[in-house]
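Asker: The structure that follows is given in the form of C-alpha cells.
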Amino acid sequence: MLVKITDKEHECFGQELEGFCFYYDYQHTGNSPDIYIIKTPEGERKILSTQIDVEHYENQRLSKEIEKLGANLGDKVMIIETGSGGSRVGFDIKEPHVITKISPSGTVYFDNGMADMFRPKVKVVS
C-alpha cells in the first residue's frame, strides 16, 4: 500500500511510498503514535502516524477489504461463513442482513450493530 508523507520537515514530504503499518496502537490509548515502515531508495525507514496521511492509508485498506468481501455498504447479504465477533439476541444468520459498516481491518457490521464479524463470507442477495 502507499503511505503519503505529510510532514513538511521530512525529506520525503509529499511523496507516496510503498509501506505498511508496523506497530498499531490497538488499544487507542493515545500514548504513542502508530509506526509505519516506508520503502525509500535508500532502504526501509520508520515513520510515525503523525507524519503521514492516515486516512489515505486506511482508505486503501478499506478498498481491499471491500474487494475481498465482494459486497459493500447497504448491500443485503446472506452470511455464508461467520468470522469471530458477536451478535445481539435474535440475530439469525439464516436470514438476509444489511451491511451497515465495514472497517479497514475487515470487521463487518450488520443491521446497525446487531452483529459484527471479522472477515465473514457473504453472498449479495440485493
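Asker: I need the full set of residues from region 1-52 which are surrounded by 15 or more Cβ atoms within 10 Å (Cβ to Cβ), hydrophobic (A, V, I, L, M, F, W, C) and within 20 Å of S105 (Cα to Cα), in order please.
Answerer: Hits for region 1-52 are M1, V3, C21, I37, I38, I52.
Asker: When you check F110 against the structure, is it more than 30 Å from L17 (Cα to Cα) and either modelled with pLDDT of 95 or more or among the hydroxyl-bearing types (S, T, Y) (or both), yes or no?
Answerer: Answer is yes for this residue.
Asker: Of the residues I102, I80, I66, I93, which single one is surrounded by 14 or more Cβ atoms within 10 Å (Cβ to Cβ), touching a residue at least 40 places away in the same chain (Cβ under 8 Å) and aliphatic (A, V, I, L, M)?
Answerer: Only one candidate qualifies: I102.
Asker: So for region 59-73 (the condition being of a type in the set (V, I, T) and in contact with a helix residue (DSSP H, G or I) (Cβ under 9 Å, 6 or more places away or on another chain)), does at least one residue qualify?
Answerer: No; the residues of region 59-73 include none that is of a type in the set (V, I, T) and in contact with a helix residue (DSSP H, G or I) (Cβ under 9 Å, 6 or more places away or on another chain).
Asker: Assess whether S32 counts as being more than 19 Å from the chain's Cα centre (by Cα) and either part of a helix (DSSP H, G or I) or of a type outside the set (A, V, I, L, M) (or both).
Answerer: When the stated conditions are applied, S32 passes them.
Asker: Next up: Could you please let me know if G74 is over 30 Å from P120 (Cα atoms) and either at pLDDT 95 or above or more than 16 Å from the chain's Cα centre (by Cα) (or both)? Before you say what the answer is, go through the steps one by one.
Answerer: Numbers: over 30 Å from P120 (Cα atoms): no; either at pLDDT 95 or above or more than 16 Å from the chain's Cα centre (by Cα) (or both): yes.
No; evaluated as a whole, the condition is false for this residue.
The values are calculated or read from the model by the stated rules, or taken from the named source; none is laboratory data. In this text the structure is predicted, and so the values were computed from the model without any measurement. With ideal geometry, Cβ positions are generated from the backbone for all residues, glycine too; neighbour counts draw on all protein chains shown.
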